[in-house]
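Before any comments, here is the structure.
The values are calculated or read from the model by the stated rules, or taken from the named source; none is laboratory data. Quick caveat: nothing in here was measured; it's all calculated off a predicted structure. Don't worry about glycine lacking a Cβ; one is built from the backbone with ideal geometry, like all the others, and counts go over all protein chains shown. Accessible surface areas use protein heavy atoms only, side chains included; no ligands, DNA or RNA. Shrake-Rupley method; radii C 1.70, N 1.55, O 1.52, S 1.80 Å.
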Amino acid sequence: MTVLFGYLAALVAIGALVLFKGRDLFRPAISIVAFVIVFSAYTGYAGTDSQNLIIGALAGLVAALLSGFVLMLGVFVSGMIAGLGAASQLIRWLPADIAEHRILVTAVIAVIVGILAVKCLDPLVTVSTAAIGAVLVGLPCTYMVMNLTSLTKNISTEPFDTMRNLNQAMFGDFMTQQTMIITAVTGILFIIGMVVQFRTNDSVRR
């Protein structure tokens, strides 16, 4: 029972963090991932003696510090690529005297779309984290409420088997059979999460 309720509680707790503070946690999470990837890659290649651990940690720290810039650069470049595609379609509808400056017009549109992509990143992160958090909170809570008397059927002698059984039960038949209820619960949580994040996240509000 401890593993069962502990796992469900952990899902709800993580979901609540993502639901209400997803935007604030996004960049720290990116930095942590960058550190772990670089540190693991370096120590896996060079070894794990003291000197390599220090160098790997320093390299990971640099990667963590630069991760925000790299993220923004990636979003900007992706936006520019999308802008190039949009410009190729838009330019054929422009007046001839403007269309003849095809390269300049295409470059301007690409840069504008790239800048808009960067500006829209915060709201997009807020919306996506609110959606993910709503599912992580709503699904376990709905499952517990509607299957309170039969929760013990998921318990196994091994903790990982218990967690696997819960995942199969929640994301399998229950999600298929109770789609409307789950959608309603997660939808309400999603709206609440978005409102809370947009009101409390300073960077989004600015």
**Q.** Only Lys, Arg (+1) and Asp, Glu (-1) charged, at Cβ; the chain dipole about Cα centre in debye
**A.** 420 debye
Q. So what is the relative contact order for the stretch 93-206, in percent, with contacts set as C-alpha pairs under 8 Å and at least six apart?
A. 36 percent
Q.
Quick check: residue separation of Val77 and Val195 times 0.36 nm, minus the Cα distance between them. What number comes out in nm?
A. 39.5 nm
Q: Give the peptides 55-62, 175-182 in descending order of average Cβ contacts within 10 Å, highest first.
A: 55-62, 175-182
Q.
Once R0 is set to 35 Å, what does the formula 1/(1 + (r/R0)^6) return for the Cβ-Cβ distance between Ala16 and Leu65, expressed as a FRET efficiency to the nearest 0.05?
A. 0.75
(Q) In the chain, if the dipole is taken from +1 on Lys/Arg beta carbons and -1 on Asp/Glu beta carbons about the Cα centre, which of Ala117, Asn167, Ile37 is farthest to the positive end? (A) Ala117
Q) In debye to the nearest 20, how big a dipole does the stretch 77-174 give about its Cα centre with +1 on each Lys and Arg Cβ and -1 on each Asp and Glu Cβ? A) 80 debye
Q | Base-10 log of normalised Debye intensity for the stretch 106-206 (one unit scatterer per alpha-carbon) at q = 0.12, 0.14, 0.19, 0.20 Å⁻¹ | A | -0.58, -0.69, -0.92, -0.97
Q) Computed from these coordinates, which is volume of the Cα convex hull per residue in Å³: [x] 124; [y] 201; [z] 189? A) [y]
**Q.** Accessible surface of the chain, 1.4 Å probe, proportion on carbon and sulfur as whole %
**A.** 74 percent
Q: Rounded to the nearest Å, what's the spacing between the alpha carbon centres of the stretch 38-71 and the stretch 127-149? Just the number, please.
A: 36 Å
Q: Apply the Karplus parameterisation 6.51 cos²θ - 1.76 cosθ + 1.60, with θ equal to phi minus 60°, to every residue of the stretch 74-87 and state each ³J(HN,Hα) to the nearest whole Hz, in sequence, with x for glycine and proline.
A: x, 5, 4, 5, 4, x, 5, 4, 5, x, 4, x, 5, 5
(Q) Once R0 is set to 30 Å, what does the formula 1/(1 + (r/R0)^6) return for the Cβ-Cβ distance between Thr179 and Val33, expressed as a FRET efficiency to the nearest 0.05? (A) 0.40
Q) Per residue, how much accessible area does the chain have with a 1.4 Å probe, in Å²? A) 61 Å²
